[in-house]
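Report on the structure given below.
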Amino acid sequence: MMNSGSRSALVASGKKYRTRGISRRVSRITISAIKEMPLLASRIGGCVSLGQGIPSFPTPGHIVEAVCRALRDDPDSGKYTLGPGMSELRQAVARDLGARGIEADPDREICITVGAMEALSEAVLTVVERGDEVILPSPNYASHIEQVLLAEGVPVFVPLTREDWQLDVESIRNAVTPRTKAIVLCNPHNPTGANFAEADLRALAQIALENDLFVISDETYDFLVYDGQRCFSLSTLPELRGRIIATFSFSKKYAMTGWRVGYVYASEEILDQMMKIHDAMSICAPTVSQLAALAALQGPQDCVEQIRAALTRRRDLICARLDRLPDAFGYVKPRGAYYLMARYRFPGTDSMTFALRLLHEARVIGIPGAAFGPDGENHIRFSFGGAEEQIEEAFDRMERWFAGSPFSR
Ligand SMILES: Cc1ncc(COP(=O)(O)O)c(C=O)c1O
């Protein structure tokens, strides 16, 4: 269960706030350490990042061109779209989902959002009441915790298996109580790089159905698995229709993190409720970004293949460099997404201390494992979304740092 003490310890900046009247809802949450560490690093200068998950690739040229053309030629490109998004884009999304075995009605079951992040926040706010428990297989994406807390829900962390970061289905079943409302699951998985086994995902769906839970399925990295594996999507299960809210993103697949565009798929009844929040929060996703998303779906897909190939090389590189530091780190080889949780071998050092020392002393940005829930403690999350030179430089610095035995001082 949630330990609020450990959350405040995660404010890396050490700031104290005195303004009276800030809501409990907001006081209880933190800016994720994923965003805080780069902010701290920017004040230090000269740091190299294995931190935030920003892939190094530029947005593909044909997407940028399509947007430039629309801005020049189409007077509507600077105006609001319909709340759920441009009809043509929703149809393209439905076709794309259909090709992956997910049947979605573009007019009733899809809404284009400001990244997957808006969709996730809206999903949680739509189904979670104050005091409702939400199961988070953990370590978990940091923002899922804040989203649950913002809805005044209670995160219930259920550890993934340590040896390979897979779902522990029995522990999830045992964590269900009469207050449990939802399970939030990300696959492929940030922060561990896991690709969960289909049998376990099916078992999790069964638990949700038996206990009338919602499944909030974060499919931000749906395109990104390695070594010829398949990624199983819970959204393909017809029995979950009406209980699943699935969120998707253009950010990583098309190198569009800054465009802030994604989408949500849910039954009409759920989506109608979510749309009320969407309208109050953002009216519609930015029109230029919707145009970019449309160009991404309609254009050639070899850019996705190139991103996958480059990230496979970076995955192999980061593993090779970690293998040269066996006294410092243990890790599970990532099978999806572009992160791994490195377990550092320095007992008695909490992950925030480790990350801050790594930042100040080696000038390398990593994210403290505790940001990803209590089961992330004693780990540091490394992203390999950055260029190969950046990964090499970060590990050169770490090798020099460890050579000075920093933890025996
Ligand atoms: C697991 C996960 N979910 C959601 C997001 C947010 O995605 P978007 O950029 O589409 O808002 C991220 C971004 O890093 C992520 O890693």
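Some observations on this one:
- Qualifying residue in segment 217-228 (condition: under 17 Å from LEU97 (Cα atoms), in a strand (DSSP E or B), within 16 Å of the ligand (Cβ to nearest atom) and modelled with pLDDT of 95 or more): yes
- Strands (runs of 3 or more DSSP E) completely within segment 89-179 that count 3 or more residues being over 22 Å from the mean Cα position of the chain (by Cα): none
- Subset of segment 160-188 (residues that are modelled with pLDDT of 95 or more and either among the basic types (Lys, Arg) or within 19 Å of ALA246 (Cβ to Cβ) (or both)): LEU167, ILE172, ARG173, ARG179, LYS181, ALA182, ILE183, VAL184, LEU185, CYS186, ASN187, PRO188
- Filtered by the rule that a residue be more than 25 Å from ARG173 (Cβ to Cβ) and without any contact (Cβ under 8 Å) to a residue 12 or more places away in the chain, segment 209-229 gives a lone residue, GLY228.
- Qualifying residue in segment 89-104 (condition: surrounded by 20 or more Cβ atoms within 10 Å (Cβ to Cβ) and of a type in the set (Lys, Arg)): yes
- The combined condition, being out of contact with any strand residue (DSSP E or B) (no Cβ under 6 Å at 6 or more places or on another chain) and on the phi < 0 side of the Ramachandran plot, is not fulfilled by VAL93.
- Check on ALA293, closer than 30 Å to GLU388 by Cα, within 16 Å of the ligand (Cβ to nearest atom), in contact with a helix residue (DSSP H, G or I) (Cβ under 9 Å, 6 or more places away or on another chain) and modelled with pLDDT of 95 or more: yes
- Listed by first and then second residue, the pairs linking a residue in segment 113-130 that is assigned by TED's automatic domain parsing to the domain that holds MET256 and farther than 16 Å from VAL215 by Cβ to a residue that is among the aromatic types (Phe, Trp, Tyr) and more than 8 Å from the ligand (Cβ to nearest atom), with Cβ atoms under 9 Å apart and 6 or more places separating them unless they lie on different chains, are THR113/TYR263; GLY115/TRP259.
For every residue, the table says whether it meets (1) outside any loop (DSSP other than H, G, I, E, B); (2) surrounded by 15 or more Cβ atoms within 10 Å (Cβ to Cβ); (3) modelled with pLDDT of 85 or more.
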residue: ALA12; (1), (2), (3): no, yes, no
residue: TYR17; (1), (2), (3): no, no, no
residue: ILE22; (1), (2), (3): no, no, yes
residue: THR30; (1), (2), (3): no, yes, no
residue: MET37; (1), (2), (3): yes, yes, yes
residue: GLY51; (1), (2), (3): no, yes, yes
residue: THR59; (1), (2), (3): no, yes, yes
residue: GLU65; (1), (2), (3): yes, no, yes
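- Within this structure, PRO159 passes the test of being of a type outside the set (Gly, Ala, Ser), farther than 21 Å from MET117 by Cβ and in contact (Cβ under 8 Å) with a residue 24 or more places away in the chain.
- The residue of segment 281-303 that is surrounded by the fewest Cβ atoms within 10 Å (Cβ to Cβ), among those that are polar (S, T, N, Q) and not in a loop (DSSP other than H, G, I, E, B), is GLN298.
- Scanning segment 67-81 for residues that are surrounded by 12 or more Cβ atoms within 10 Å (Cβ to Cβ) and part of a loop (DSSP other than H, G, I, E, B) yields a total of 2.
The values are calculated or read from the model by the stated rules, or taken from the named source; none is laboratory data. Just so we're clear, the structure is a prediction, and the values are computed from it rather than from any experiment. Because the Cβ atoms are built from the backbone with ideal geometry, glycine has one as well, and the counts that use them run over all protein chains shown.
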